[in-house]
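Written out below as structure tokens is the structure these notes cover.
Only the coordinates and a few stated rules stand behind these numbers; no lab work does. The structure displayed is predicted, hence computed values, not measured ones. Quick reminder, even Gly has a Cβ in these numbers, built from the backbone with ideal geometry, and neighbours come from all protein chains shown.
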Amino acid sequence: MAALTACLPFDQAESLVPQARPAAPQPAVYKPSADSAQLAYYYNALQRDLLTRGLLRTDGGGPDTPYDAEDLARSFEALAFYDEYGGAGIAGGLGRWAGPVRIAAEFGPSVQTEQRAQDRETVTEYAARLARITGHSISTVSGRANFHVIFAGLDDSAFVAERVRELLPAISARDLSLLAAPPRSYYCLVVAGGPQGDPLSYTRGVALIRAEHPALVRRSCVHEEVAQGLGLRNDSPRARPSIFNDDDEFALLTSFDEKLLQMLYDPRLTIGMSAEEARPIIRILAREAMGQEL
């Protein structure tokens, strides 16, 4: 089955002034198109199937998913230094946010008022959790955001295209098309990074969460896309228990993932550091995260 998320490369030269969030118009009565309704049916059936097979776990891992410091170190290197869209080579170095992360939830016109309130609550609670884990300044804001989480459906493609062009004026036509009208196999997407001169020092993020998703997959997308937008930009089949794995076993951030994010924002690692430079530090951080002697 297709991956739950996809990260796109980000290399923008536009001004990095935070963009104000416009109020998306919302019709008094919204009736989804046949294509959007069919997509919602597909994702609902998919969620039921995954749950029936014991996937989309929300327990964060347990006795059946043991891991040690070596597992942490190996997964951290795979997730933080390689890129889902960068081929087999090292993707240039460690990337993360240097300054505060200001997250705003935005909505396409098809997303109704009650759902908007639920999605805002999800994003707000998750941002607070990420701030506690990383020790970094991560919060939700009502304006001047630099990380935009857009909840939008298939019928909102024109709105998404226009909004992404405003946020990322230099985005390629291919990447814009993928965000505005992703294939069905792309559950959700994120673009995150810095300007052309310093792409690994993150200053902007844009995530797309499909409005057709049922509740758990929708929440799962928020968990993975925002976390990947913080700098864990890859997926790995060896990461377990983790949401950074294409097997859909876990829906929500796990204890393993929390340790990875804690390591990512440890000041002993620096932005732009290569995997080779970071490897000895990663081993120390992993052992510390597991409470083991150095």
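The percentage of C-alpha pairs in the chain whose separation is greater than 33 Å is 19%. Using C-alpha pairs under 8 Å with a sequence gap of at least 6, the mean separation divided by the residue count of the chain gives a relative contact order of 32 percent. For ARG204, the amide hydrogen comes within under 5 Å of the amide hydrogens of GLY193, counting only partners 5 or more places away or on other chains and with H modelled in the peptide plane. When the Cα positions of LEU269, ALA161, GLY229 are compared along the charge dipole of the chain, ALA161 comes out farthest toward the positive end, with charges on each C-beta of Lys, Arg, Asp and Glu.
Estimated from helical segments only, the mean residue ellipticity of the chain at 222 nm is -12500 deg cm²/dmol, where each DSSP H run of four or more residues counts as -39500 (n - 2.57).
When the alpha carbon gyration tensor of segment 74-213 is reduced to an equivalent ellipsoid, its three semi-axes come out at 24, 20, 15 angstrom, largest first. Each 5 Å bin from 0 upward holds the following percent of the Cα-Cα pairs of segment 199-294: 2, 12, 20, 22, 20, 13, 6, 3, 1, 0.
Each peptide in 158-170, 65-77 was scored by the mean count of other Cβ atoms within 10 Å over its residues; highest first, the order is 65-77, 158-170. Across segment 31-166, C-alpha contacts under 8 Å between residues 6 or more apart give a mean separation that, scaled by the residue count, equals a relative contact order of 27 percent.
Once backbone amide H atoms are built at 1.01 Å from N, GLY108 has PHE151, ALA152, GLY153 as its partners under 5 Å, excluding neighbours fewer than 5 places away on the same chain.
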